[in-house]
1. Pick from the range 176-221 the residues that are among the acidic types (D, E) and in a helix (DSSP H, G or I): which of them is farthest from L286 (Cα to Cα)?
2. Taking N203, is it of a type outside the set (F, W, Y) and surrounded by fewer than 12 Cβ atoms within 10 Å (Cβ to Cβ)?
3. Can N97 be described as of a type in the set (S, T, N, Q), in the same structural domain as F178 (by TED's automatic domain parsing) and free of Cβ contacts under 8 Å to residues at least 24 places away in the same chain?
4. If you go through the range 156-173 one residue at a time, do you hit one that is touching a strand residue (DSSP E or B) at 6+ places or on another chain (Cβ under 9 Å) and in a helix (DSSP H, G or I)?
5. Yes or no: the range 49-72 includes at least one residue that is touching a residue at least 40 places away in the same chain (Cβ under 8 Å) and among the acidic types (D, E).
6. Being surrounded by 15 or more Cβ atoms within 10 Å (Cβ to Cβ), free of Cβ contacts under 8 Å to residues at least 12 places away in the same chain and within 26 Å of G73 (Cα to Cα) is true for just one of R198, R273. Which residue is that?
7. The conditions are (1) more than 16 Å from the chain's Cα centre (by Cα); (2) more than 19 Å from L291 (Cα to Cα), and P169 fails exactly one of them. Which is it?
8. Select from the range 243-255 the residues that are in contact (Cβ under 8 Å) with a residue 12 or more places away in the chain and either touching a Pro at 6+ places or on another chain (Cβ under 7 Å) or not hydroxyl-bearing (S, T, Y) (or both) and list them in ascending order.
Amino acid sequence: MSEAHDPELDTFLARIGEGVNKIVDNVERVIVGKREAIELLMVALLCEGHVLIEDVPGTGKTTLARATARSLGCAFSRIQFTPDLLPADVTGIHYFNQKTSQFEYRPGPIVANIVLADEINRATPRTQSCLLEAMQERQVTTDGETRPLPRPFLVLATQNPVELEGTFPLPEAQLDRFLLKVTLGYPSAEEEAAILLRFERQNPLDSLSSVMEASELLELQRLSRLVVVERSVRDYILGIARATRHHPAISLGASPRASLNLYMACQALAAVRGRGFVIPDEAKHLAVPVLAHRLLLRPEARLRGRSRESLVQEIVDSLPVPVE
């Protein structure tokens, strides 16, 4: 792949690299041995995309989300999703102010730059649906009034895949609004030993400070969109997404939103890796975290034990890789 000829691109990439490294180094003061997951979160930050962090309890999902939010000098809020949570508890309400004799809007926790939606699948479908407008259009509507949300705006949601009692599966429309799904997995023996030592005296999250302001993050997001995607690589990205719509084991393939998300994520990952152009490896690396959670398998595929991740990987492996 040929490099871009923008003379300012090296400066842009240096700024992105410096900013991303500051956040990564800060997060790694708390999180041990999850470099790939942190890299995916950096991709989401540069795309202003939402992230679903899914794994078993105790693997650091909430800690990773909080460490990322703490690293940014942005307004942060946390919503603990429960079955009795109502949409108004998320978006805010209008109340009558007796001093002014007027109805006033009291913002809900969704009105922030970084929103941690903890255990999102414990809320009812009605409450989950109130996030759809916020996540896609970055605005909320209450009592007929629409208000824009502050920028940047990212939802970092966590969910536990093993508990079924008291949970409600996320609908396909909401899953499609998450740029990435990240899994952490158990640490190695060495990493777990390092965790014990790191948390022996105090929680390092308590002393974590911000290393980047909202305005700087917005600028890095703009710069990452300057990364070049050649036509052959663009066609390769589209080919991966479109192939999910014709696979015999998949009943609902990737949407055009998914294609756009994969395209933008490839630009961001190339920028994180210090390159001003996208290569097919970016698409191959991101296909599973960007596309797999959006797919719906046919019943016979589920009965055979096939997973969405393995099917996306199968598609990636079957498509010819563009060469210069």
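1. D206
2. Against the criterion (of a type outside the set (F, W, Y) and surrounded by fewer than 12 Cβ atoms within 10 Å (Cβ to Cβ)), N203 qualifies.
3. When the stated conditions are applied, N97 passes them.
4. Yes, some residue in the range 156-173 is touching a strand residue (DSSP E or B) at 6+ places or on another chain (Cβ under 9 Å) and in a helix (DSSP H, G or I).
5. yes
6. R273
7. If we test P169 against (1) more than 16 Å from the chain's Cα centre (by Cα); (2) more than 19 Å from L291 (Cα to Cα), just (2) comes out false.
8. A243, H247, P248, A249, I250, L252, G253, A254
The values are calculated or read from the model by the stated rules, or taken from the named source; none is laboratory data. In this text, all values refer to a predicted model and were calculated from it rather than measured experimentally. A quick note on method: Cβ atoms are made from the backbone with ideal geometry, for glycine too, and the neighbour counts reach across all protein chains shown.
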